[in-house]
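Structure, as structure tokens:
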Amino acid sequence: MVELFNTRKFMIKVEKLTKIFPGSGAKAVEDVSFTLEKGEIGCIIGTSGCGKTTTLKMINRLIEPTEGQIFVDENHSHTVDPISWRRKIGYVVQKAGLLPHMTVKQNISLLSTILEKDQSYITRRVRELMSIINLPYDEYQERYPSELSGGQQQRVGIARALMEDPPIMLMDEPFGALDPVTRNSLHSEFWDLNQKLHKTILIVTHDLTEAFKLGDLVILMDQGKIVQKGSKEDFLKRPANKFVEEFVKGEGLV
Amino acid sequence: MYRALILIILVNIFSCLGHAKRPIVIGSKKFSESIIIAEMVSILLEEKYQTSVVRKFSLGGTKVAFDALKLGAIDIYPDYTGTGYVMILKMDGERDPQKVHQIVSREFKSRYGILWSKKIGFNNTYALAVRGDDQRFKNIDRLGQLSGIVESYQFASPHEFMERKDGFDRFSKTYNLNFQKDHILSIESGLMYAAIHNKQTDMIIAYSTDGRIKAYNLKIIKDDLNYFPPYQAALLANKKSTESFPEIMKAFSEFENLISENEMVEMNDQVDRFKKAPYDVARNFLIKKNLISGKIVNKTEESNLFKYFYSKKDYLLKLLLEHLLLSFGALGMALLVSIPIGISLTRHESLAKVVFPIINTIQTIPSLALLGFLIPIMGIGFAPALIALFLYSLLPIIRNTYSGIKGVDKNYIEVSKGIGLTGTQILLKVEIPLALPIILAGLRTAAVIVIGTATLAALIGAGGFGDPIFRGVATVNSNLILLGAIPSALLAIFTDKCIGQCEKIFVSKGIRLKN
Ligand SMILES: Nc1ncnc2c1ncn2[C@@H]1O[C@H](COP(=O)(O)OP(=O)(O)O)[C@@H](O)[C@H]1O
Ligand SMILES: [Mg+2]
């Protein structure tokens, strides 16, 4: 708890996070701790089923942790109701998760509409975000998700998370469903974008290239536990164990 | 149009409240004779006693009419001593017409507070009839002669005969009529005569006053064991009604021995074969008997269907209003109730396991039976019909709301929650819009069911397009049947299309594109 009063401002901090789903003996997530400071990008990586999504959902309080502490923007999860908690966090999911019955504009402005922001603000903000994600407003705002390509959907998903300008973003395999070319260009766009926005971002991915490219902090998980966390350098030069070495090698990055 | 609507509502309110200034409500069962007699009573009360009268004709059978009378939902209807004796009192043994009349008069008064008039004059008993030219029956005059030899014959009887105590089972046992099970047909009485005439059946249980016995040259086989009790026609009235309307008893006294058997046969024939309106036939008769004054009307019905419909336009409008009020009233109520129920069931699975079997069961109750259950509670007319239709429209809407909402992709819900929507916001902004096509499909099903089933409402005096259909079937009048059938079918199609249009308006283009 001493760390809580550190002078350096942390935006996401989890301590000894553990999740056991009811009816299952195994720990889906076990003893996960890490900290992200303001403006940092963290990447959780690991094979399918290792507990990445569960960790992310616990931070967004979609899943109640069995044990452990969560702090976001220096607030403890117990002190804030879950609805306001989530509204402060931009949330991007696999395959964008756009609502099919809403237009691009309606999807992006969903939270603002709920918060009853006025229309002129909404239009201005949606225009702004759509120019950031490189989708011309006039051409795309009235389209439905089914009329967009996968890459375009993913960008709209990111714009939606940014709508109320949250200090923190949680992203679950945001580029997972895309072809390599689109993914690469989105990586670059995204990187440039955050140079301007300075959001604290936690990205879940199963693509090590992505993690190394975007992450200030890379967190490798296996079977619910953190195997190693650190920078790209740490992973390449100081792999914690054989598993990490194999994992990095398997991805063809060495 | 508004005036008709208000009138319908008022009539229903009045008949519910039993207000002193209300009109007298006259019922009838759904065959020509009953309708003609009921018309006569109505006309006499209207023209001679200057009372206002409401006609609730073509009620769905003895049980419906009798229950309605007992409850005061109707004040008068015609019936037969034998029916009262055997079917309602469940007695038997006596065959003397005078004595049977005495018994029913006494018992009905003490048991049910219902008064019988003196005999109208004619006896309309059941009679076994065959084709006069059917050589197989050439030498058969008595039912006793049929004992054990009818195995190869086809037999048809009215529905009611199949059910009553003195009906088919005991009848066939008494005379040892060994019909094969699949040779026995239960049929609308109005259609039975055409069936034997066209050789679709060999024997029918005819009504002895039916004009078609003579017209189709049918031969009556004599009831030599005196199996059937006397069926003297008479009028029944609720005692309470006679107290508030003294003219009822005055009118009753004028019916004593008013109609002979031949006269009744003739009038039935006028309606059944010559398509005269029961109203005209009844009125002409009263004029001939000097009970009212007026000019004899002798018009046969318009045979050109378009002109016929046009001539009935006021009646059609009244039917339309009744039908709309019933169907859309029921649908509206169901919509208000079913959607919240359907939604809450998705939230409480254990409740769903209890509720679905119940509403599934309601759905399987035959419409007429459901109406029958409701009569003792709510009487006859608009209210029980509305409730029955309401109950029928519950299932499709609840089921589709439930499965529509259940079927919404869990990812959309989780994502909305993740963005920060509350449960209610997710319901209103995500779940309902996504489930809407399925909910509307449920509404569509309910609408078609309700508009169709609403035709049965006529059987309990609630009017609507069923009214001409049942009277048409009873009097073998296909124009009259079409007068109800065509508009109700059009209404169903039209409503179906309208709800289809609603889908275009209310369902997001985004999900219509996807499918
Ligand atoms: N709602 C749940 N109920 C039970 N088990 C779950 C649930 N969600 C995930 N799990 C299990 O928890 C483990 C981690 O899942 P998840 O976090 O989705 O993995 P990842 O995102 O790394 O692929 C898996 O074994 C998965 O089967
Ligand atoms: Mg995952």
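The values are calculated or read from the model by the stated rules, or taken from the named source; none is laboratory data. Predicted model only: the values in this text are computed from it and were never measured. Cβ placement follows ideal geometry from the backbone for every residue including glycine, while neighbour counts extend to all protein chains displayed. Keep in mind that these areas ignore ligands, DNA and RNA; they rest on the heavy atoms of the full protein, side chains included. Shrake-Rupley method; radii C 1.70, N 1.55, O 1.52, S 1.80 Å.
What to note about this one:
- With the simple model of a label 7 Å out from the Cα in the direction of the Cβ, B:Asn139 to A:Glu139 spans 10.1 nm.
- Shielding of A:96-107 by partner chains, average beta-carbon count, 10 Å: 5
- Shielding by partners for peptide B:195-205, expressed as the average number of C-beta atoms from other protein chains within 10 Å of each residue's C-beta, is 0.
- Using only Cα coordinates, the Kirkwood hydrodynamic radius of segment B:126-221 works out to 13.2 Å.
- With contacts taken as Cα pairs under 8 Å at a separation of at least 6 residues, chain A carries a relative contact order of 27 percent.
- Degrees separating the helix A:119-132 axis from the principal Cα axis of chain A, which is the longest one: 60
- Using a Förster distance of 56 Å, the FRET efficiency for A:Glu67-A:Asp192 (Cβ separation, nearest 0.05): 0.90
- Only protein heavy atoms count here; under a 1.4 Å probe, B:Ser367 has an accessible surface of about 30 Å².
- Label positions at B:Lys118 and A:Ala26, each projected 7 Å from the Cα along the C-beta direction, are separated by 9.6 nm.
- Accessible area (Å², 1.4 Å probe, nearest 10) - A:Glu37: 50
- Cα centroid separation - segment B:328-360 against segment B:24-85, whole Å: 39
- Reducing segment A:117-151 and segment A:85-112 to their Cα centroids gives an inter-centroid distance of 12 Å.
- One decimal place: the segment B:Glu188-B:Met162 gains 8.2 nm when fully extended, by the rule 0.36 nm per residue minus the C-alpha distance.
- With a 1.4 Å probe rolled over the protein heavy atoms of all chains, the accessible area of B:Arg512, A:Arg87 falls in the order B:Arg512, A:Arg87, largest first.
- The long axis of helix B:367-378 is offset from the longest Cα principal axis of chain B by roughly 90 degrees.
- Equivalent ellipsoid semi-axes - Cα gyration tensor, segment B:291-389, angstrom: 43, 17, 12
- Segment B:126-221 - percent relative contact order, Cα under 8 Å, separation 6 or more: 49
- By the helix-only formula, in which each DSSP H run with n ≥ 4 contributes -39500 (n - 2.57) and the sum is divided by residues, the protein assembly as shown has a 222 nm mean residue ellipticity of -15500 deg cm²/dmol.
- Spin-label model distance (nm) - A:Phe243 vs B:Thr361, 7 Å beyond Cα toward Cβ: 5.7
- Taking the three principal axes of the alpha carbon atoms in chain B, the coordinate ranges are 88, 56, 50 Å, sorted in descending order.
- The GluC sites (Glu not before Pro) of segment B:105-191 meeting both criteria, a DSSP state outside H, G, I, E and B (loop) and at most 16 other C-beta atoms within 10 angstrom of the site's C-beta, are B:Glu151, B:Glu188.
- Extended-chain gain in nm, criterion 0.36 nm per residue less alpha-carbon gap, A:Asp165 and A:Thr79: 28.8 nm
- Gyration tensor verdict on segment A:141-220 (Cα atoms; rounded if a/c is under 1.5, prolate if a/b is larger than b/c, oblate otherwise): oblate
- Between helix A:180-197 and chain A: long-axis angle, C-alpha atoms, 0 to 90°, nearest 10: 80
- Alpha carbon convex hull of segment B:311-514, volume per residue in cubic angstrom: 130
- Order of exposure, largest accessible area first, which applies to A:His198, B:His323, A:His78 with probe 1.4 Å: A:His78, A:His198, B:His323
- Radius, Kirkwood style, for the protein assembly as shown when every pair of distinct Cα atoms is counted (Å): 32.4
- Per residue of B:501-508, other chain Cβ atoms within 10 Å of the residue Cβ number 1 on average.
- Enclosing the Cα atoms of chain A in their convex hull gives a volume equal to 143 cubic angstrom per residue.
- Fully extended contour minus Cα-Cα distance, from B:Ser52 to B:Asn262, at 0.36 nm per residue: 72.5 nm
- Of the beta bridges in chain A, as assigned by DSSP with both residues counted there, near 50 percent are antiparallel.
- Modelled FRET efficiency - R0 22 Å, B:Ser147 with B:Ala195, Cβ distances, 0.05 increments: 0.35
- Remark on segment B:39-94: hydrodynamic radius 12.8 angstrom, per the Kirkwood mean of 1/r across alpha carbon pairs.
- Relative contact order %, chain B, counting alpha carbon pairs below 8 Å whose residues are six or more apart: 18
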